[in-house]
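Accompanying notes for the structure given below.
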Amino acid sequence: MEAGIISLIIEIIGAAGVIASLIYLSIQIKNSNKLARAEITKDLYLASRQAIMDIASDEHLGKIYSKLKDFKSEELARRHAFYQSFFRLYELQHILNKQGLLEENMATSYALIIRWFSKTQWFSKYWDNAQKEFNPEFRRYVEEQIEMAHPK
């Protein structure tokens, strides 16, 4: 009888080990998927940002962009693209921070840059026209940074 009890205990311990291993693997797969999605998100945002920065820095592309978006001048179109290239990057950092994939001191640094941008001459005109191009959570985040930069 004792051998049967010992055998049963060993089987229970073995089954518990298998269950623990499956739980561990499940957690690892979930984390791996989260990191893969973050990497894809980052790549897409950076590609978008580069295209927008190309418009901001290239006279020929600036002319095309100004006509597509109905800007009154190429300068306004290129200024808009300049801001847009940075705010795409800031939106990316916001998403990665919310997912816990960015160091908090980096998030703080980006918040300070947004506050600085909000004090520049053309920012309010840009933000009034462009904020609808960003996700609602990021828009709220930027509005919070603007309020912090311009206390009432």
(request) Tabulate in residue order the Karplus-calculated ³J(HN,Hα) for region 40-47, using 6.51 cos²θ - 1.76 cosθ + 1.60 with θ = phi - 60°, rounded to whole Hz; enter x for Gly and Pro. (result) 5, 4, 4, 4, 5, 5, 5, 5
(request) Take the Cα atoms of the chain, build their convex hull, and give its volume per residue in Å³. (result) 151
(request) Report, in whole Å, the centroid distance computed from the Cα atoms of region 107-124 and region 10-26. (result) 51
(request) Would you mind checking the tilt of helix 104-118 against the longest principal axis of the Cα atoms of the chain, expressed as 0 to 90 degrees and rounded to 10? (result) 20
(message) Please list 3J(HN,Hα) in residue order for region 88-97, calculated via the Karplus relation 6.51 cos²θ - 1.76 cosθ + 1.60 where θ = phi - 60°; whole Hz, with x for glycine and proline.
(response) 5, 5, 5, 5, 4, 4, 5, 4, 5, 5
(request) Could you sort out which of LYS72/LYS119; LYS42/LYS98; LYS98/LYS152; LYS42/LYS67 sit more than 18 Å apart by Cα distance in this structure? (result) LYS72/LYS119; LYS98/LYS152; LYS42/LYS67
(request) Enumerate the aspartates and glutamates that LYS63 could reach by cross-link, defined here as Cα to Cα under 17 Å, with residues fewer than 8 away along the same chain left out. (result) ASP54, GLU74, GLU75
(request) Please turn the phi angles of region 26-34 into ³J(HN,Hα) values with the Karplus equation 6.51 cos²θ - 1.76 cosθ + 1.60 (θ = phi - 60°), one per residue in order, whole Hz, x for glycine and proline. (result) 4, 5, 5, 5, 4, 5, 5, 5, 4
(request) Whenever you get a sec, line up VAL18, VAL142 from highest to lowest accessible area (probe 1.4 Å, protein heavy atoms). (result) VAL18, VAL142
(request) Express the accessible area of the chain per residue in Å², computed with a 1.4 Å probe while the remaining protein chains stay in the model. (result) 68
(request) Work the Kirkwood hydrodynamic radius out for region 79-152: mean of 1/r over every pair of different alpha-carbon atoms, inverted, in Å. (result) 12.5
(request) Enter the accessible area of TRP127 (Å², nearest 10), with the probe set to 1.4 Å and all protein chains included. (result) 10
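The values are calculated or read from the model by the stated rules, or taken from the named source; none is laboratory data. Note that the structure is a prediction, hence the values are computed from the model and not measured. Quick note on the areas: whole protein, heavy atoms, side chains included, nothing else; ligands and nucleic acids left out. Shrake-Rupley method; radii C 1.70, N 1.55, O 1.52, S 1.80 Å.
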